[in-house]
1. Evaluate peptide B:244-251: per residue, the Cβ atoms of other protein chains within 10 Å of its Cβ; return the mean as an integer.
2. Using a 10 Å cut-off around each Cβ of peptide B:158-164, what is the average number of partner chain Cβ atoms that fall inside?
3. Given a Förster radius of 56 Å and the C-beta distance between residue B:61 and residue C:72 as r, what FRET efficiency does 1/(1 + (r/R0)^6) yield to the nearest 0.05?
4. Quick one: if the Förster radius is 56 Å, what FRET efficiency do residue C:94 and residue C:40 give, using the C-beta to C-beta distance and rounding to 0.05?
5. Order C:133-141, A:331-339 from most to least packed using the mean count of other Cβ atoms within 10 Å.
6. Nearest 500 deg cm²/dmol is fine: what mean residue ellipticity at 222 nm does chain C get from its DSSP H runs of n ≥ 4 alone, each adding -39,500 (n - 2.57), divided by its residue count?
7. Could you tell me the calculated FRET efficiency between residue A:24 and residue A:100, based on Cβ-Cβ distance and R0 = 30 angstrom, to the nearest 0.05?
8. Taking 7 Å along the Cα-to-C-beta vector as the label spot, tell me the residue A:368-residue C:238 distance in nanometres, rounded to one decimal.
């Protein structure tokens, strides 16, 4: 009898187990830290027997069109890592599942939904929540103390004019590049970010929300021109060499190798790239003190303003196992074990988690910058899509840098293009 | 014996002229090979030293890391897809090229023009509708649909290339075979093919390389990691913030090598199959 | 010349034609018809990337009018037609011819270099575009690149040239990269053609007292003509529609300096999200190529490729 009972129990357990094992969800994760994420997903599977997670990957340049294509035919992955500004437009396109019912449940993040950053960007045009902020980061300036000291500067400049002067001085005294920002064009050029930092230090930027609920273009062509001229001076004066027109990404090897080889004095990069630079430097120069420091960007009348960037998580509209998908999302918003053990270079997009991340002394500029960082705000919620502006601004700046258009001309055209797009889309 | 091309005798400049030709050739070959050779060498250097001139640190770690991530599976996927597609495409192209080149039939002109019509659209414009079509037919993440796509994109130019090659093949052989009672298929595959072999090899290589480095369709139609082809895996190493150069170089080297290895035994076939004493014009 | 015939030839031919043409057109029809119709239809709507499922609203020829009226279009057209296609294909054909003659030379055979040359020739072609672009960007770099190092040490220039950043140099640099990656096919095609040239013809010409240029003009080039014609059309189609090289080397920049039609399609479709608008550009591209192809086939290719019908 005992044997039969054991046998029956075994069969019952196996049936139960196989029924539970029926749940497989797909998770699209696009960063190169795939092995770490896979390890974290294994932890998740151990804690949730019955759910298996298949990890997929797409490179960021293709991820948007890929997701939208798939959503249109119903084959998008269940959970996806999204760029910060996508949930709004994806939600509006019906590609993501609204999450309002799910965020009310306990277990999301450290302190629940209200503690998350950038919740305004996670909301669609219909005021429903479409994304969960996953990680956040911002840009800060990493600079080489030795090169600055050679030009007689011991503190990082606090305003944009001094920064330009410092860059020029370094170039004149040492022959090395000052601020070698990427001036090239591509799908996601860096010049969009640094131009906005400049504009935001003086005002609300390109798009602003008025009290009556309408959006407007908040800069005059003259103010736009001012930004172009500022960065063009670096190229004209030679402390950013013309060759920087040939690359466009903030993490380009020209920048990383430039900083590592001491041929570039400073760069504006997110913390992941700063960590890469510092780590590689330590590997190549064991035992020597690291010459790098990080500081917030220069400030203007409006302060030192960068953006809250990062990633969000979304559940696709065609996801079938919503419960399992939500469990995964909840898991991914807990600092432990994901951020503490596997995905350690990233910060969860929650206030509680932000305060608890331990920054090494060289990275001190980042928590300081995060204090004055601003949300994309009206850029993200307004009627002009960020990719459109990103591309238009990048192209306009590029045509100034290569000498094809004057800054006045480019600024006027850019202002016109954005105004027309705004008028077209604002109902 | 390949037909002689007596450049030296032509120019009548003797040994010095010959040396010049040899040197120019070596220079040209160097220019052709240097960039790829650099990549292959770089794949054996550590990421820290590969961009720094003068420093060299030999390592096999790049390959170890790469293969540990399952890159060998991407290579296998690419090999399978490309070899099958090229086989089908070449077989179909040989037949079709012969028909267009040697035979007469109603509507030949329009049909030939329509073969090329598909090539007039840029691929980025074709990807989305093909994706929608495959999705609706449930053919996503399916090697069969990938093979179908690759055959369809290599077929037009393969046909066109082979029609060009066939022009140079004398018809007298065909006619002799017809009198002997050979069927059309036999004529194509037993008589004309050996002479056309250099052209077929070039066409097949072109088709293979097109598939091998194809990115846009593979990106749209293959989302499961186990099915991904090699270009997808290679592009994935170019992150937005960080590029893993060690893996990139190793993956690039592994991407280039199979084509070279496949081509090596075939290059002997590049010499014409004209038997000694072939039919005189 | 009298047509050769024999009993049963026609039914055999018919059978062969079916075997030869039906599978081919099956593949082509299945693959190209739907996208063509889709694109045509989409180009008359304002479909956006975010509205793929619900489609777009009909706007008639508005997209086309907007494209043709924009100042950018002229520059894009110029870049694509003149720089990318005309210069690019021209360089490739010329260099391909020169290289084919060179590598076919019996001089190389005597020095036992022919096999080596043929194998090494395939190396640039075997390198995937993204890899080629990574290496060439490094080679062209003014600070660490080998090309500038060579130029400066040879005294040809006193300052390194930022090839991809100067208006004067960016197109030549682009064309160099594309040529490097695609020359082997052209060369191989010409070599294959050269090798099928019967030796007797050259002997006959020499015996008749033809000079070397006359030999080239009256023996070699006519024999190469079909291959050249084929390569020109193929190269033109492929180059005109090409996206990858321009996008990965310069991103269609700096600014929009090297924007070509294919990159314009990409930017409009996937960055600005204007799917219908980009489909219109795609249709314009296809129209240009179709017109070119039809004219080319009729007036150039057909005369050369037509055989006596049997």
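1. Averaged over the peptide's residues, the number is 2.
2. Details: counts 1, 3, 9, 7, 1, 5, 15.
For peptide B:158-164, the averaged partner shielding equals 6.
3. About 0.75, to the nearest 0.05.
4. Values: r = 37 Å, r/R0 = 0.66.
Working from the Cβ atoms, E equals 0.90.
5. C:133-141, A:331-339
6. Only helices count here, giving -20500 deg cm²/dmol.
7. Rounded to the nearest 0.05, the efficiency is 0.70.
8. Inter-label distance under the simple model: 5.6 nm.
Where a number appears in this text, it was derived from the coordinates with a stated rule and is not lab data. This is a predicted model, so every value here is computed, not measured. No Cβ is skipped: glycine too gets one built from the backbone with ideal geometry, and neighbour counts run over all protein chains shown.
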